[in-house]
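The values are calculated or read from the model by the stated rules, or taken from the named source; none is laboratory data. Because the structure is a prediction, the values reported are computed rather than measured. Glycine gets a Cβ as well: all are built from the backbone with ideal geometry, and neighbour counts include every protein chain shown. When the accessible area is computed, the model is the full protein with side chains, heavy atoms only, and any ligands, DNA or RNA have been set aside. Shrake-Rupley method; radii C 1.70, N 1.55, O 1.52, S 1.80 Å.
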Amino acid sequence: MSSPEAGFPLFPQLPLELREEIWRFCLPNRVHELDRPLAENVYDVDEDHPAPCHLQRTSLVNGYPPLISRVCRESRAVAHETGRFLPLDQQDQIVEGEWYSDTLRHDAWRDAARDSVHLNWTRAYEVDFYYTEGDGSPLEYLAKQVSLTKSDGSMMAQYLDANFGPDYTEVSTSVYHPQNPNKERESEALKQQSSWLVVTRVIVVHSDLQSAAATGLFGLLGDSLVQIVDCSNGARIRQYLDLAESCEQHHQVAIRQNPRQEPLNEAEQRLKWLVKRTQGSEELLSAVRPGIMFRLCTQQCNRRV
Ligand SMILES: [Zn+2]
């Protein structure tokens, strides 16, 4: 085979077991978003500078069935081995006692064997979106969803403190962070898993799909548009930052995100300090790891026209 365009005509002659393994290899390992993201939490915006990208397209496409499910009957069957949509009769179902918000997504494809589970919700959502606490809380809801699939879980650092960001200081915590009535229960929920990725930054990469897919950073076939990378994986993070920077440098963009704003080791120190302060637990310090979320938006909406 001289190039990918040349194809692989002998593929149908491979044994079925081998073909299925190849299809499985093509399935994405996604970040399954339980709820819709809020652009105002990502961009530094005010009345004169609204968020250039609303993130919804990224979230929507990331919840589509994997690309290979549309190749042929055989590949579709492989995608359905572990992936599915939530059945219609279970969508929008409010379970008594659980936390619920109208930002929750029940219409996204979920592969129980491959996907991690992420909650975008922070206190900032409370202003604009309906939610009900019941006997639960957002973090307990997340912990339950993670336990149902035995997958990894992640949340936003701003969930732990609304002011979390590069300029975070202890003074801002004492002024703005009210006592969390669910603190003890949420600490117990967090302890149910031995590892949590906590997103300290969100960086939106605006690129056409073909260029981004060719980097392999958004899945083998470019159908894994939301990625959360552990800050301890410096080499991997640098690959994403390089792509994000090059996409900004080559175009006039409405809002720059300054991807290398903060050294990675500082993010870890601040996160550990935050967890100790908000959860009051030494035990959780080893469980939380800072991560950066990278979102691929192919709409080019951040370009200045
Ligand atoms: Zn966009």
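Name, by its number, the condition in (1) at positive phi; (2) surrounded by 19 or more Cβ atoms within 10 Å (Cβ to Cβ) that does not hold for ASP35.
Among (1) at positive phi; (2) surrounded by 19 or more Cβ atoms within 10 Å (Cβ to Cβ), the lone unmet condition for ASP35 is (1).
Looking only at segment 41-66, count how many residues are over 19 Å from the mean Cα position of the chain (by Cα) and aliphatic (A, V, I, L, M).
Of the residues in that region, 1 qualify.
Out of the residues in segment 194-240 meeting the condition of being within 17 Å of the chain's Cα centre (by Cα), surrounded by fewer than 18 Cβ atoms within 10 Å (Cβ to Cβ) and among the charged types (D, E, K, R), tell me which one is farthest from GLN158 (Cα to Cα).
Step by step, filter segment 194-240, then rank; the result is ARG236.
Being within 13 Å of the chain's Cα centre (by Cα) and of a type in the set (Lys, Arg): is that true of ARG185 here?
Here the answer is no, as ARG185 does not meet what is asked.
May I ask you to verify whether LEU221 is over 26 Å from ALA143 (Cβ atoms), touching a helix residue (DSSP H, G or I) at 6+ places or on another chain (Cβ under 9 Å), in a loop (DSSP other than H, G, I, E, B) and not polar (S, T, N, Q)?
yes
With (1) over 18 Å from THR215 (Cα atoms); (2) open to solvent by 80 Å² or more (accessible area, probe 1.4 Å); (3) in contact (Cβ under 8 Å) with a residue 24 or more places away in the chain as the list, and ILE255 as the residue in question, which single condition is left unmet?
(2)
Is there a residue being within 16 Å of the ligand (Cβ to nearest atom), buried (at least 17 other Cβ atoms within 10 Å of the Cβ) and in contact (Cβ under 8 Å) with a residue 60 or more places away in the chain anywhere in segment 267-285?
Taking every residue of segment 267-285 in turn, none turns out to be within 16 Å of the ligand (Cβ to nearest atom), buried (at least 17 other Cβ atoms within 10 Å of the Cβ) and in contact (Cβ under 8 Å) with a residue 60 or more places away in the chain.
Residues that are in contact with a helix residue (DSSP H, G or I) (Cβ under 9 Å, 6 or more places away or on another chain) and modelled with pLDDT under 90, at least 3 per element: which helices (runs of 4 or more DSSP H) completely within segment 1-111 meet that?
Of the helices (runs of 4 or more DSSP H) lying wholly inside segment 1-111, none has at least 3 residues that are in contact with a helix residue (DSSP H, G or I) (Cβ under 9 Å, 6 or more places away or on another chain) and modelled with pLDDT under 90.
Among (1) surrounded by fewer than 19 Cβ atoms within 10 Å (Cβ to Cβ); (2) of a type in the set (Lys, Arg); (3) within 14 Å of VAL204 (Cα to Cα), there is one condition ARG295 misses while meeting the rest; what is its number?
Just one mismatch for ARG295, condition (1).
Looking only at residues that are farther than 15 Å from PHE294 by Cα and within 14 Å of the ligand (Cβ to nearest atom) in segment 46-59, which one is surrounded by the fewest Cβ atoms within 10 Å (Cβ to Cβ)?
Of everything passing the filter in segment 46-59, PRO50 is surrounded by the fewest Cβ atoms within 10 Å (Cβ to Cβ).
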